[in-house]
Every structure is written in structure tokens, then in C-alpha cells.
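A short write-up of the structure that comes next.
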There are 2 protein chains.
Amino acid sequence: MSRAAPTGWQAVHDEALRRIQTREWPPGALIPGEEDLAAELGCARATVNRALRELAEAGLLERRRKAGTRVTEVPSRRAQMSISRIAEEIETRGARPGYALIAADDTPMPPARRHALGIGPDTPTRHVEALHLADGAPYVHENRWISLAAMPAAASADFTTMSANEWLLRHAPFSHGTLDYSAAAAGEAASHLGCDAQTPVMVLDRATFGPETPITWVRLTYAPGFHLHMKI
Amino acid sequence: MSRAAPTGWQAVHDEALRRIQTREWPPGALIPGEEDLAAELGCARATVNRALRELAEAGLLERRRKAGTRVTEVPSRRAQMSISRIAEEIETRGARPGYALIAADDTPMPPARRHALGIGPDTPTRHVEALHLADGAPYVHENRWISLAAMPAAASADFTTMSANEWLLRHAPFSHGTLDYSAAAAGEAASHLGCDAQTPVMVLDRATFGPETPITWVRLTYAPGFHLHMKI
DNA sequence: AATGACGTTATGTATAGACATAATACTCCC
DNA sequence: GGGAGTATTATGTCTATACATAACGTCATT
């Protein structure tokens, strides 16, 4: 009941964050209960709850019923990056996006990738290969298979002007997926990216699933110089 | 007021998610207001608010005062990865973590990296070079500079048994930072990683800041075969 | 026609009170 | 002493109500 000013859950959030960062609440320490904090800061318990919940979601606090709330000993924070349209990604980097279809055919999906996506050998797929450009220069090579069981419309879709990436974002009811970044030699994509086959490049393997079914598997091979930037 | 069962914000969240995924609420559509939904689902407006707020944070809905809530046209979802102790990262991969200090000295920080971290040429730093092992094999090479202005205790810290990574996680009041993954040839780190200098490897440049001051800059060079795995 | 004031409206947030739930701490009984 | 059952307690959540705030539309004024 000492402080009068900081009402609002953000104010409570900031005040708690300050106490954590200044070690007024040291790592591992049990902090006052919601009721006490609400009384001290002059707000309702629900307000304190909202603030502390956000901090817990950020990994700075650990909350357990009955046991109370304590400051995380070794905070394992989450880094985030936004997954968006490749064209948008290129625009964000201040370049003019371009797109060129290389092939849209029925090249069979390799068994290893069928397994990664979780579809059987009989599920029909469509194969799309394309190149995305930034200011006219190769930006990323896209090599994709789409499950026609999940997206029958993909069989007749025209990928010459709209990339499969964007088409799927617009049409597929995607719910979750996995990303797998690795470093590799450019290999077969080298000719499209305008570099040597031995040049180290970033490779992204992505599997995407709808609420019920696997949708697509794609390998994106980025041109040399690509950086994956994230914030914590 | 038709449905009786789904009380609880998670139920409302799931129901809204279902309507988005089934395109009962198609992309771009304006969905019913909180008041209406609360009446329909038989719960309080605050409960609907909580559910829709979560979906908005996940990037599936866009909410604006007065304008209402609409389904995101092209959802740009966020991928998450957890940043943790390197030892923990190795354990997660099912291996026994190991650590070997290579050097702890006063090697000056290169100007480019001083700039990336945002500290002037007069700020004293400490340099630490180390190798992290997984089941005895090289896992990642760590090359780090710590600002002694932010962390004076780092000047006398012993990094022979505890890595600088872990020491900082325990002692530095870190608030935010940037991650920058790229693919590169192993180069100077090759000898430590047991590979050729030309081998493509993943490189992570990380700058870490406290609430007020820059703390540390580190380059982690991962051994060949490393994959960065994320979920959406 | 452009501009500015204002009312309307949907979301954002705060509150007090209540009940639910999980987990610890304790007690009782064997 | 050990195990089962129970009381206690801190967080989790829901409700109803209220007010705050942003933004769109409208209407009047210049």
C-alpha cells in the first residue's frame, strides 16, 4: 500500500522486471504472493496475475500453485523470428522481390522426405522448383513437394506468377510445422544461385502440417551471404 | 446462447481456431464482436477477450479498436527456439556435455564487433575462447568478448571449469539481444572442430545487452552436421 | 470540397468476488 | 516410522461491471 502511482498491468510488469533485473528479487528467490503484491502496488490481484503471467511466459518467472512464484535460476529465453512470405522477407531487407518458376511437374518425392512429412508412398504429390530474386539477383532456391491429398487444388494451380510459397500461405489451412536450418555446400542449387557447388550456404528444410494432414515439404537453399536474424 | 458446453478460455480459443481453420471464418473476414461471441458461447466477454488475444498474439487474428477483429489474410507466424545453456542444448540432443577452455586473455576486441555490440574503443574487455563437446566430440567453438564495464567480475572469473556462457547466464542481468545465424567455411575454427577449413558450418553471432549496457559479443562456430531445429 | 469536432462503437483494461485446482504440509492411524 | 487421508494455500480462471481508449463515420463549419 506504499506506492500509489503504478496502476495498470504493464506498470506492474515493468516493476517486477526491474526487481528481477536489479536482483532485488535474486534468481531462485520466492517472490511475494499475488495478494501481497496487489496490496503493495495498490491494484487488484488479477492485474498482478496478468503481469506475472507474462513474465512467466517470457521464462523469467516460474509459477506453481501452492508453491508460489520464484525467479528462474537460469532463464532459458525464447528467440523469435517471423515466418512470412518470401517476397515480404525480401522487401523487409529493402530489395525488390522477383520470382521465376523453374519447373512444376510430377517429380516423385524422395522417400526420406515422404517420411519427414509423414505421408505414405501412394499419396500423390506435386513438385515445384523455383527461384526467388532480390533486386534481380538470386535470393533463395525453392524445391517443394505438395501433398495432393491435403491440397487437391494444387494439381491445377498455376505457379508461373504466384509462388507455391505464397499460394499455400493463402490457401492451405496450416496449423503447425517444423523448421530445420543447416549449413551445407550449395551443390545442385549452385547453378541457380550463381555460385560454386562448394560454396557454404544456408539450407532450410520445412515441413508444414494442417490441422489433420501433412501439407508440404520444402527445401530452401539461400544464396551466399544470407543471414538469419532473430531477437530475444 | 446456442452452445452450452465450452466454457473456459481455452475452449473458446479452440473453437475460434477451428472456425479459422475450417474457413468458417475465412481469411480477411470480420468475426463477431466479443459481446456477441460471449453470448453465443455462453461465457463472459473477458473470457472471449483472453482467447482472441492469444490468437492475435499468435498472428492468426488482427484486432483493432472500433474496427473489430478480423482473420489475418496471410498469417505471418512466429517460429520459436529456446536459447539456453550450451550444456543443456547438448543434453537435449541426448549427448554428454563436455567443456574445454582454450584461452582466457586480453585479446583486443575487433572494431567491427565493438561496433556491433555498441561499445567504445576505451571500454575494457575480456576475451574467452573455448570448445564445447558432445560425447567427447567437438560440438561448438566459442569465441567471446565480455565488456568489463558491464561485468567487472568477469575480469577475475575462472572459466576453466564453468564456461563463460554459463557464467554469464548466471551472473549477467541480461535483458535482450540479437542472434545472427549464417553459413560459412569453418576457417580458423576448423582445427578445433576437427574438419577442413573449407567445410560449411553454421556460425552464430550473438550480442547480448543488459537493461542499460552492452554485455557480451560471441561467435559460436558449430561443428559440421549441426541443425537448428524450430517449431511453428 | 476539405477540415475539424463529436458521437458511436469495439476492443483494452481494471476491479471485486467467487470458485477451481494443484500441490504442499500436516495429522491420524496402523 | 511410514502411508493414507485431509487441511491449507497460492495460483488459475470465470463473472459482472465499469471505465478507458482508439478509430471510424457523420455532420457541421469554413
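Coordinate-derived values only; no laboratory data. Quick caveat: nothing in here was measured; it's all calculated off a predicted structure. Neighbour counts run over all protein chains shown; Cβ positions are idealised from the backbone, glycine included.
Points to keep in mind about this one:
- Charge context of residue A:186, other residues only, Cβ under 13 angstrom, K/R +1, D/E -1: -1
- At 7 Å out from Cα toward Cβ: residue A:66 inter-copy label distances (nm, ascending): 5.0
- Choice from A:95, A:103, A:38 showing the highest fluctuation, given a GNM over chain A with Cα pairs closer than 10 Å: A:38
- Only Lys, Arg (+1) and Asp, Glu (-1) charged, at Cβ; the range A:38-86 dipole about Cα centre in debye: 220 debye
- For the pair residue A:67 and residue A:102, the difference between a 0.36 nm per residue extended length and the Cα-Cα distance amounts to 6.7 nm.
- The slack in the chain from residue B:158 to residue B:18, taken as 0.36 nm per residue of separation less the alpha-carbon distance, amounts to 45.0 nm.
- Distances, shortest first, from the label point of residue B:171 to those at the same position in the other copies read 5.8 nm; the point lies 7 Å along Cα to C-beta.
- All alpha carbon pair distances within chain A were sorted into 10 Å bins beginning at 0; the resulting P(r) in whole percents reads 7, 25, 22, 15, 17, 12, 2, 0.
- Across the protein assembly as shown, the convex hull enclosing all Cα atoms gives 188 Å³ per residue.
- For chain B, size of Cβ-based charge dipole, Lys and Arg +1, Asp and Glu -1, in debye: 880 debye
- Label spacing, shortest first and in nm, from residue A:32 to its equivalents in the remaining copies (7 angstrom along Cα→Cβ): 4.3
- Counting charges near residue A:209 (Lys, Arg +1; Asp, Glu -1) among other residues having Cβ under 13 Å from its Cβ returns a value of +2.
- The alpha carbon radius of gyration of the range B:9-71, expressed as a multiple of 2.2 N^0.38 Å, is 0.98.
- Magnitude of the charge dipole, the range B:53-111, Cβ model with Lys/Arg +1 and Asp/Glu -1, debye to 20: 700 debye
- For the range A:86-222, the percent of C-alpha pairs falling in each 10 Å distance bin, counted from 0 to the bin holding the largest distance, reads 12, 42, 36, 9, 0.
- Computed [θ] at 222 nm, deg cm²/dmol, chain B (DSSP H ≥ 4; -39,500 (n - 2.57); rounded to nearest 500): -7000 deg cm²/dmol
- Sorted by Cβ density within 10 Å, fewest first, the residues A:140, B:218: B:218, A:140
- Applying the Kirkwood pairwise sum to the alpha-carbon positions of the range A:151-232 produces a hydrodynamic radius of 14.5 angstrom.
- Label reach from residue A:227 (point 7 Å along Cα→C-beta): in the range B:146-181, amide nitrogens under 20 Å belong to B:146-147, B:176-181.
- Part-to-part distance (alpha-carbon centres) for the range B:98-162 and the range A:187-232, which is given in Å: 31 Å
- Of the residues B:203, B:220, B:171, the one whose Cα sits farthest toward the positive end of the charge dipole of the range B:168-232, with +1 on the Cβ of Lys and Arg and -1 on the Cβ of Asp and Glu, is B:171.
- Pairs of Cα atoms nearer than 8 Å and 6+ residues apart set the relative contact order; for chain A it is 15 percent.
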